[in-house]
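Asks: One structure, pasted below without further comment.
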Amino acid sequence: MKKKRNRSRPPLPLQERLRQTAGHAREKTARLPSGPERERLIETAVANEAAAAIDRWLSSPGLRSPR
């Protein structure tokens, strides 16, 4: 008997999750002194913002394949 896969969708779209993660990281960096933890959070925020921009670009109507 095959196992049934869990096919539930995330509660928020990818864009929103990336934006929230970046926002939380930026909020935490404002409260931390300079150091490796702060740098890691800044890198996380930048990476999530870049991923959101790439996702927006890939889902833009200008990139639709010809039919």
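The values are calculated or read from the model by the stated rules, or taken from the named source; none is laboratory data. Not measured: the values here are computed from a predicted model. Every residue, glycine as well, gets a Cβ built from its backbone with ideal geometry; the counts of neighbours run over all protein chains shown. These area figures cover heavy atoms from the full protein model, side chains too; ligands, DNA and RNA do not enter into them. Shrake-Rupley method; radii C 1.70, N 1.55, O 1.52, S 1.80 Å.
Asks: Tell me which residues, restricted to the stretch 39-63, are open to solvent by less than 70 Å² (accessible area, probe 1.4 Å) and in a helix (DSSP H, G or I).
Replies: 41, 42, 44, 45, 47, 48, 50, 51, 52, 53, 55
Asks: Among the residues that make up the stretch 5-26, is at least one of them exposed (fewer than 12 other Cβ atoms within 10 Å of the Cβ) and among the hydrophobic types (A, V, I, L, M, F, W, C)?
Replies: yes
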